[in-house]
Amino acid sequence: QNCTFEGSGGSSIQMMDDRDMDSNGYGYALMESGHSVTDSLVSDFSSTCRHYSEGVHLSGYGTIVTNNHFRSSNMAAIDVVGGGFKILHNVFSHVSDGSYDDGAIHWVAESPMERGTEVAYNVFFRNGVTAEPCNAETSCVQSDVYMDDMAGAMTIHGNIFLKDKVLQPKPPSKKFAKINWIAVFVNGGADVSIYENSFLGPEDDSADGAIYGDASPLYAQTSGGTLWSDDDKCGHTELCASSDFYKTMRRFKYDQPPWSEAFPDVVKYNAKPSGSSNYYCAAESSCPVAAWNQTVTCNAGIGPNRSLSNRALWPTDDESFLNDGVVEGEDVPRRSAALTEHGNLLNTDKVWTVADVDAIEVSGMGAVLSLAEQVARAGEAVPPSCDEGSRAGSARSKLAGRHKNSCTIDWARDGMSSCDPCTEPDVQCAPRDMPSDGSCSCGDLNPTSPVTSVPTPPVPAVPSAVPTKSPVPTIPPVTSVVCEDDDEWKFKKNKKQNCAKWAANNPTKQCVKKGSGDMYTNEACPESCGVCPQNSDDAYDYYYRVGKCEKESSKKEIKNIDDARGCWQACDKSGDKRQYAEFIKNRCFCQKSCPCMTSVANNGRVTLVPRGFDLPASCDAPTVSSPTTQEPSPAPSPVTGGDCKDDPNWKKGTITCNWVATNKSPAWCNKQRGADGRYVSEACPEACGVCPSGDQSYTYYSGVGYCNGDESEQEANSPSECWEKCQTVNSDYVEYFNKVCYCQKTCPCMGDVNNNGRITLTPVGFELPSKC
């Protein structure tokens, strides 16, 4: 407490924990260490050793790091291995400068048992700023909170990220790469809750080509545990049941007390995954390697011309640096099922230029903390709706920094429940946890909230109804008759930056920018940006903000296309009549069909379809549960051999049930969906071997989950064969999924209730139980 560490060649402080399971039992890793670092200055560390030498290295469980100032280093301020840490009310300024694949706080996870860390009420100021380019052989990511190698299971809230200034140069050669400049970066970790943070990032297009996409998001997820696997074994993850990752879970008895009591959400995981390659772990919410259960709510991006500063980016999003060829449900979990993103405010009214912040920095750290308070207030929800942004006092910003918190001595001695700093005069504190329904609010203007040892993660809001398909916004298409520039529109209200001169003179650069009125240039200037049809051969309608046609195996990109009209023409004349086109950020994609719409967002995309074509519904409606603890499973009518038939009208592009039967492709049966949203196995039960054969008698279902009882695994080529094999081991409850056959002798409740291509078989007349 109240120490100064300055000029260390490597790390300044290492706090280790060497208790062991033999002497302390299975819960030893949940015993708080009693360590603390408080009210100290840690400065100019890693001055000679730049290889993972952090200011403070933490391992074990429960260390408190609060009200410190970490400054002036080219490495991370804190490196974390373990769980239950409280990293609160600190200031991080100019750390991790000159480093990539790094952040102000850095994690490397060794197992999903490293849970319960809280990062809250900190101020991050201009970290990662450097004039060094990024070597393309490493990960060119720079963030304030950097969770690497599947680190997750934590809450990040009430922080203020001031990351406005970029000095990184445009890549000077192919040996270097653009950087990804992010507030919070998660490389595959699950169970992450990010709420009520404020982010003042750099303006779009201000990095001179140094930043990927010329914009900085609040949050980005890579789903690295499943996306970057070099092998298809063990569900396409390379991490099998024999790996240390899973051994640690079993060794700690993760699904039993005290772990199951401290972290009930860990019980859902499967620590004995199949070694098969016939399934995708990323599609299973029980997969601890996949990026499930991400919550990004009630945060705020501050300042104009910062289009991604309130956004959460998923690997399949068009703005993500990973989106090329990534497939949801295979490489990564489906966004709609794994990520809750709502209530994130974009406040474009508050303006702080780089010159403004430079002047504030010169005035000293007191002025910087005053700026942080103002940024936090700019991120608060606005009445009367209060449905975007944070509650008043959610950042507790008057408590940030050294000697600003009267409770640090008590916390270090007696734990965090011993003292509440929110009782101090002039200290405004919103409750520590999000409302139980996950909704944003303005909050009580004068609340106080006692500090507890382990915060309860926020619970996403539960819609009152379960939609089967989300409608695409009803937006009339635009044809050549009404396609014209808006003569009154000006980019950023600059009278010289209009359609006729500014956009038309350099459409490749200007037409992808967002300007006044939250409108992209190509929307305001369709003539100058080459969106309008020119003649009768251009028989297309075009839309904005309706998403894109679902990815399919035949989708291809055509290079060297300058505008949306050229994209349509190239697709239409490609030889196989790809008449569904997408032009976004000067990239042209063509498809043969348009079964449903995905990525419905405002991101500068132009969607082009044949004239008169009615846009289909959204591909992925969110799957939600009712607030009750038990909900009934679907109860479709039993299907037996007599009425189990293929649907002759079903299609996916040119694919029919007859094609599936002729080609005998199990991959199509288990993973592909048609224009109506049904999986092939639902529409083509005969072709996919779902129908009972011979004297078999069973009911089959799709999208009801699986019987959550003791199971054994068999090899089978179809659901019918799977049923036959399970009968030989006296198992009447069967699950067939991605060519893997599971046999259960009992069916007490239904697990993983979603429509993901699974076939469930039960005896005729058996009533499905409730969801587990």
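Full extension of the chain between Ser536 and Ser712 yields a length gain of 57.1 nm, computed as 0.36 nm times the residue separation minus the alpha carbon distance.
If you take the square roots of the eigenvalues of the alpha-carbon gyration tensor of the chain and sort them as a ≥ b ≥ c, do you get rounded (a/c under 1.5), prolate (a/b over b/c) or oblate? Cα axes put the chain in the oblate bin. Report note on the peptides 588-595, 484-491: ranked by the mean count of other C-beta atoms within 10 Å, highest first, their order is 588-595, 484-491. Peptides 207-214, 685-692 ranked from most to least packed, by the mean per-residue count of other Cβ atoms within 10 Å: 685-692, 207-214.
Between Gln14 and Asp230, the C-beta separation translates, for a Förster distance of 45 Å, into a calculated FRET efficiency of about 0.85. With unit charges on the beta carbons (Lys and Arg positive, Asp and Glu negative) and the dipole taken about the Cα centre of the chain, which residue among Met434, Val764, Phe263 sits farthest to the positive side? Towards the positive end, the residue furthest out is Met434.
Classify the range 682-772: rounded, prolate or oblate, from the alpha-carbon gyration tensor (a ≥ b ≥ c, eigenvalue square roots; a/c under 1.5 rounded; otherwise prolate if a/b is larger than b/c)? The shape class here is rounded. Judged by a Cβ-Cβ distance under 4.7 Å, the unpaired cysteines of the chain are Cys3, Cys49. In the chain, the calculated helix contribution to ellipticity at 222 nm averages -3000 deg cm²/dmol per residue, counting -39,500 (n - 2.57) for every DSSP H run with n ≥ 4.
Largest first, the extents of the alpha carbon coordinates of the range 74-152 on the three principal axes equal 36, 29, 12 Å. Label positions at Glu527 and Glu767, each projected 7 Å from the Cα along the C-beta direction, are separated by 6.8 nm. On the beta carbon distance between Ser276 and Asp647, with R0 = 30 Å, the FRET formula returns roughly 0.55. Between Asp349 and Glu132, the modelled label-to-label distance comes to 4.2 nm, taking each label 7 Å out from Cα in the direction of the beta carbon.
Solvent exposure of the chain, expressed per residue, is 41 Å² of accessible area, with all protein chains present and a 1.4 angstrom probe. Note on Arg413 and Val382: with the Förster distance fixed at 30 Å, the Cβ-Cβ geometry gives a FRET efficiency of about 0.15. Taking a sphere under 13 Å around the Cβ of Pro112 and counting the other residues whose Cβ falls inside, with K and R at +1 and D and E at -1, yields a net charge of -2.
Given their separation in residues at 0.36 nm each and the Cα-Cα distance between them, Asp695 and Glu488 gain 67.1 nm when the chain is fully extended. Is the C-alpha gyration tensor of the range 185-257 telling us rounded, prolate or oblate? Criteria: a/c under 1.5 is rounded; beyond that, a/b larger than b/c is prolate, otherwise oblate. Since a/c reaches 1.5 but b/c is at least a/b, the shape of the range 185-257 is classed as oblate. Carbon-plus-sulfur accessible fraction, the chain (probe radius 1.4 Å, protein heavy atoms only): 48%. A simple charge model with +1 on the Cβ of Lys and Arg, -1 on the Cβ of Asp and Glu and nothing else charged puts the dipole of the chain at about 1400 debye relative to its Cα centre. Of the peptides 260-271, 372-383, the ranking by mean beta-carbon count within 10 Å, highest at the top, reads 372-383, 260-271.
The values are calculated or read from the model by the stated rules, or taken from the named source; none is laboratory data. Keep in mind the model is a prediction, meaning the values are calculated, not measured. As a convention, Cβ positions derive from the backbone with ideal geometry for all residues, glycine included, and neighbour counts pool all protein chains shown. Accessible surface is based on the protein model in full, side chains and every heavy atom, while ligands, DNA and RNA are left aside. Shrake-Rupley method; radii C 1.70, N 1.55, O 1.52, S 1.80 Å.
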